[in-house]
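Visitor: One structure, pasted below without further comment.
The values are calculated or read from the model by the stated rules, or taken from the named source; none is laboratory data. Since the structure is predicted, the reported quantities are computational estimates derived from the model, not experimental observations. Note: ideal-geometry Cβ built from the backbone for every residue, glycine included; neighbour counts use all protein chains shown. These accessible areas exclude ligands, DNA and RNA; they are computed on the full protein's heavy atoms, side chains included. Shrake-Rupley method; radii C 1.70, N 1.55, O 1.52, S 1.80 Å.
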Amino acid sequence: MTTAVEARARGKRVRLDKPELLAPAGNLEKLKFAIHYGADAVYIGGQKYGLRSNADNFSKEEMREGVEFAKQYGAKVFVATNIYAHNEDIEGLDEYLRGLQEVGISAIIAADPIIMETCRRVAPELEVHVSTQQSVMNWQTVQFWKDQGIERVVLAREVSMQEIDEIKAHVDVEIEAFIHGAMCSSYSGRCVLSNHFTDRDSNRGGCSQSCRWKYDLFTKDQPLDAPLATDFPMFAEDDDAFTMGSKDLSMIDHIADMIESGVDSFKIEGRMKSIHYVATVVNAYRQAIDAYFEDPEHFKLNPVWQDEIHKAANRPLNDGFFYEAPGHEDHIFEPEDKVVGFDFVGLVMGYNAETGVALIQQRNHFKPGQEIEFFGPEGTQFKQTVGVIQDEAGQELTAARHPLQLVQIKVENPVKKWDMMRKKTGK
């Protein structure tokens, strides 16, 4: 098995090898932050064949730069090629896959068998990972894909912890599972609401997230096929609109169970998410995974990791299908619970240990008197109030208001380059 067993803790197996932490990267900057904040691998989209056509996505040159950056950290880059291809999508596929191999991509994530077969034929150095769009939920299907020479299977989001145990007991192949991020209200990628409402194909990268729209409900006063049927509203004037989106997945509270399940790669969803989201979520899971392996038998969940996850969340959270099938309380039929948001306001570019002054690249407006918080991948975590703000020349400013402007502020604790600064939204 890929997950060696040495001892037992809390009645469960203890792994010797750490699972891969796989993070989303919607553009080159997000790729660098994800890896710097602890991701072992990232998945990106190219100009074709991916399910996030509205993300920035990567040119061939950006992929090459991303791969070179990842190598400095010992990380890998995967490319999503997970559309269900129509006839017209196949033209240029050979050349595209050869290009991915040439720039050093480690694997593609694919759902369509013709993309998988073509990759193995024209770009054999690329691993092929079966996408979650294939909705793999049983060990025999995993065995089927292994028999096809597939190196990794990304499980459906609907798989339970018990089913994962059965899969790992029967099949020796790498397994990847989502541990954090948005959940599809349908089987992932199989919804066609977007196609009907907006003519944007969710299975070719165009999902408009119709399940999250706000709807009004009506009934008929006579049979549906009556020619003069009248619509009657099922809501009062001041009622909330109806939605049908799912709560987001978060397994930070159950990270020990995930590790002990034998899953080889922990996947975070969110190529469309912000830099702050990617850095915060990756950092929290990185700390939790590392803490487990420092002392599996005495591992305890640190509330700080939970707090960090909530600072990045913009929707209510649950544990998906891992323990039991979600019920009505796991969907969002009414306005969502208000989550206290945080804005990424500054990036540390330098620090003078003698003066305690940090050089900050402005990312959002901040001013003296506001409470801010610093965090970073090497243990930086503290709050303070913004004092005097100066520009690079030492001129005092009333606020840091210009995008990417370099400013100086005194900090109460040491900071490192690429540490981030945030504040509560609206404060």
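Visitor: Taking the stated definitions as given, is Val263 in contact with a Lys or Arg (Cβ under 6 Å, 6 or more places away or on another chain), modelled with pLDDT of 80 or more and not polar (S, T, N, Q)?
Guide: Judged against the criteria, Val263 is not a match.
Visitor: Of the residues Ala291, Ala256, Ala312, which single one is within 25 Å of Val159 (Cβ to Cβ), free of Cβ contacts under 8 Å to residues at least 40 places away in the same chain and aliphatic (A, V, I, L, M)?
Guide: Ala312
Visitor: Starting from residues that are among the charged types (D, E, K, R) and under 19 Å from Val79 (Cα atoms), keep the ones in segment 134-164 and report whichever is farthest from the chain's Cα centre (by Cα).
Guide: The qualifying residue farthest from the chain's Cα centre (by Cα) is Glu151.
Visitor: A follow-up question, please. Looking only at segment 16-31, filter to residues that are under 13 Å from Ser265 (Cα atoms) and either aromatic (Phe, Trp, Tyr) or open to solvent by 10 Å² or more (accessible area, probe 1.4 Å) (or both); which one of those is modelled with the highest pLDDT?
Guide: Glu20
Visitor: Residues being out of contact with any Leu (no Cβ under 9 Å at 6 or more places or on another chain), open to solvent by less than 30 Å² (accessible area, probe 1.4 Å) and assigned to a helix (DSSP H, G or I): count how many of those fall in segment 295-329.
Guide: Summing the residues that are out of contact with any Leu (no Cβ under 9 Å at 6 or more places or on another chain), open to solvent by less than 30 Å² (accessible area, probe 1.4 Å) and assigned to a helix (DSSP H, G or I) in segment 295-329 gives 4.
Visitor: Looking only at segment 67-83, how many residues end up being buried (at least 18 other Cβ atoms within 10 Å of the Cβ), touching a Lys or Arg at 6+ places or on another chain (Cβ under 8 Å) and not in a strand (DSSP E or B)?
Guide: 2
Visitor: Name the residues in segment 34-48 that are crowded, with 24+ Cβ neighbours inside 10 Å and either hydrophobic (A, V, I, L, M, F, W, C) or at pLDDT below 95 (or both), would you?
Guide: Residues satisfying the conditions are Ala34, Ile35, Ala39, Val42, Ile44, Gly45.
Visitor: Here is a further query. Show the residue pairs that are 6+ apart or on different chains and have beta-carbon atoms under 7 Å apart, the first residue being within segment 64-86 and modelled with pLDDT of 95 or more, the second being open to solvent by 60 Å² or more (accessible area, probe 1.4 Å) and basic (Lys, Arg).
Guide: From segment 64-86, the pairs are Ala70/Lys76.
Visitor: Would you mention how many residues in segment 399-427 are modelled with pLDDT under 95 and surrounded by 14 or more Cβ atoms within 10 Å (Cβ to Cβ)?
Guide: 1
Visitor: Moving to a separate point now. Which residues, taken from segment 383-398, are among the charged types (D, E, K, R) and open to solvent by less than 80 Å² (accessible area, probe 1.4 Å)?
Guide: Answer for segment 383-398, where residues must be among the charged types (D, E, K, R) and open to solvent by less than 80 Å² (accessible area, probe 1.4 Å): just Asp391.
Visitor: Which ones in segment 152-197 are of a type in the set (Val, Ile, Thr) and surrounded by 15 or more Cβ atoms within 10 Å (Cβ to Cβ)?
Guide: Hits for segment 152-197 are Val153, Val154, Val159, Ile164, Ile167, Val171, Val173, Ile175, Ile179.
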